[in-house]
1. Looking at this structure, is Ile182 among the aliphatic types (A, V, I, L, M), at pLDDT below 90, over 22 Å from Asn371 (Cα atoms) and in contact with a Cys (Cβ under 8 Å, 6 or more places away or on another chain)?
2. With the structure loaded, tell me whether Asp216 is in contact with a Leu (Cβ under 9 Å, 6 or more places away or on another chain), on the phi < 0 side of the Ramachandran plot and surrounded by fewer than 19 Cβ atoms within 10 Å (Cβ to Cβ) or whether it fails that test.
3. Given the criteria surrounded by 14 or more Cβ atoms within 10 Å (Cβ to Cβ), touching a helix residue (DSSP H, G or I) at 6+ places or on another chain (Cβ under 9 Å), in the same structural domain as Phe389 (by TED's automatic domain parsing) and modelled with pLDDT of 95 or more, does Thr299 qualify?
4. Just one of the numbered conditions (1) aromatic (Phe, Trp, Tyr); (2) free of Cβ contacts under 8 Å to residues at least 60 places away in the same chain; (3) outside the structural domain of Phe32 (by TED's automatic domain parsing) is not true of Phe162; which one?
5. Check whether at least one residue in region 256-263 is out of contact with any Ser or Thr (no Cβ under 9 Å at 6 or more places or on another chain), within 20 Å of Gly164 (Cβ to Cβ) and surrounded by 20 or more Cβ atoms within 10 Å (Cβ to Cβ), and report yes or no.
6. Looking for whichever is under 20 Å from the mean Cα position of the chain (by Cα), closer than 30 Å to Pro343 by Cα and β-branched (Val, Ile, Thr) here; the options are Val263, Val276, Val267. Which one fits?
7. So Asp324 clears everything in (1) at pLDDT 90 or above; (2) crowded, with 19+ Cβ neighbours inside 10 Å except one condition, right? Which one?
Amino acid sequence: MSQAKERMEPATEAYGTSVRDRPVPRISIHAFCEKQETSKVIEQAAQDRRLAKAHVTLHPGGIRAAAKYFADSSTPNLILVECNERGSAVLDCLEELAQVCDPNSKVIVIGEDNDIALYRELIRQGVNEYLVGPLEPLQIIEAISALYAGPESAPIGRVFAFIGAKGGAGSSTICHNVAWSIAEHQRIETAIVDLDLPFGTAGLDFNEDPGQGVADALGSPERLDDVLLDRLLVKCTEHLSIFAAPATIDRDYEIEADAYETVLDIVRQTVPCVIVDLPHVWSPWARNILTNADEIIITAAPELASLRNARNLFDHLKQARPNDAAPRLILNQVGIAKRPEIPAKDFAEALGSEPALVLPFDPPLFGTAANNGQMVFDVNANARAAEAFRQFAMQLTGREVRVEAKPANPFLEFFKAKKAS
């Protein structure tokens, strides 16, 4: 077993990210459970996106069953063992396992005795963590993440995936404006990854001509490192960069699904906030990005096709991500004159989720921004949509925007006081 370490609370990183959000690396985990309930919880945790790379094997029995099993087999990276004994009996069982356990293997013990003295003794004996049942899947995930992705690990960014429920819903425009607000208002280093390779608009929206960008990285993901990434990213502002799509149709983009995962893993090792602009497609690589993202934002128009597609996405992602919050819904292009619309209330009722943001239809504002390669805030900082993007960016990151107080108008204050008197 590994040497004893002082217990630490889950680390908190930029804008509220905890170690439970970090994906666990490719490790082998064997779990020995005495109770069916514990086995079921670990099975649910194993299906979580954060343990997608880990290989989890479940066995019946507790510590003694583990000791017997590993007497003839090499021990994995991590062993989870359940023990229903109490007090010194737990230590006696653990001694049997210690005799067959590889020194590099980590051990998590699940027990029923909520005794701080027992906990300290287990840690002193070399156990990495002691959990008191009954447990929830997220407790298992957090305990494992703390061992393999704790404070001493390299920083890892959060991935926010934006996708439209229907083509033309405005997902890319919202994605770019929210990313800009996170970078400029909150001063968080942010990168937009435009994965609509033939038709992406990130370059246009920021008035940049980036060349191949993300296509080069996806074509040879094994070559991508910090140096090449820095060369391919286009700096738009002090805190915002774009990994733009080539936006050309003179080539076929036949790219393996693993390449997308590799590129995003490298980007998030360098940038704390990664905004992924997904095209309206349904493919293995797009499905994988949505499943593994830290947050999902679905943009829909108030119409039947958007409602149907959004419902399908919500149902699929709820099943694929049982331990995560539901996607955030944005209703866009609301209030088009003479167009029959599905009310926001009915939309929310059908999805079982209230919209996080409702954006009114404003063609002059968004049209001017798109044609000039600007953000909405640049066109009109006082526009309702500009403030909505800023507030939504705050929701995503959990940060408060620091707004400088405007100096009071002495004439206005004078007349207010006179009216009051």
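The values are calculated or read from the model by the stated rules, or taken from the named source; none is laboratory data. These numbers come from a predicted model, not from an experiment. As a convention, Cβ positions derive from the backbone with ideal geometry for all residues, glycine included, and neighbour counts pool all protein chains shown.
1. On the way: among the aliphatic types (A, V, I, L, M): yes; at pLDDT below 90: no; over 22 Å from Asn371 (Cα atoms): yes; in contact with a Cys (Cβ under 8 Å, 6 or more places away or on another chain): yes.
No; evaluated as a whole, the condition is false for this residue.
2. In short, yes.
3. Working: surrounded by 14 or more Cβ atoms within 10 Å (Cβ to Cβ): yes; touching a helix residue (DSSP H, G or I) at 6+ places or on another chain (Cβ under 9 Å): yes; in the same structural domain as Phe389 (by TED's automatic domain parsing): yes; modelled with pLDDT of 95 or more: yes.
Criteria met by Thr299.
4. Of everything listed in (1) aromatic (Phe, Trp, Tyr); (2) free of Cβ contacts under 8 Å to residues at least 60 places away in the same chain; (3) outside the structural domain of Phe32 (by TED's automatic domain parsing), Phe162 misses just condition (2).
5. Yes, region 256-263 contains at least one residue that is out of contact with any Ser or Thr (no Cβ under 9 Å at 6 or more places or on another chain), within 20 Å of Gly164 (Cβ to Cβ) and surrounded by 20 or more Cβ atoms within 10 Å (Cβ to Cβ).
6. Details: Val263 fails: closer than 30 Å to Pro343 by Cα; Val267 fails: closer than 30 Å to Pro343 by Cα.
The match here is Val276.
7. Evaluating Asp324 over (1) at pLDDT 90 or above; (2) crowded, with 19+ Cβ neighbours inside 10 Å leaves (1) as the failure.
To keep it simple, each residue is scored yes or no on (1) surrounded by 15 or more Cβ atoms within 10 Å (Cβ to Cβ); (2) hydrophobic (A, V, I, L, M, F, W, C); (3) not assigned by TED's automatic domain parsing to the domain that holds Ala143.
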residue	(1), (2), (3)
Val24	yes, yes, no
Thr38	yes, no, no
Ala54	yes, yes, no
Val81	yes, yes, no
Arg86	no, no, no
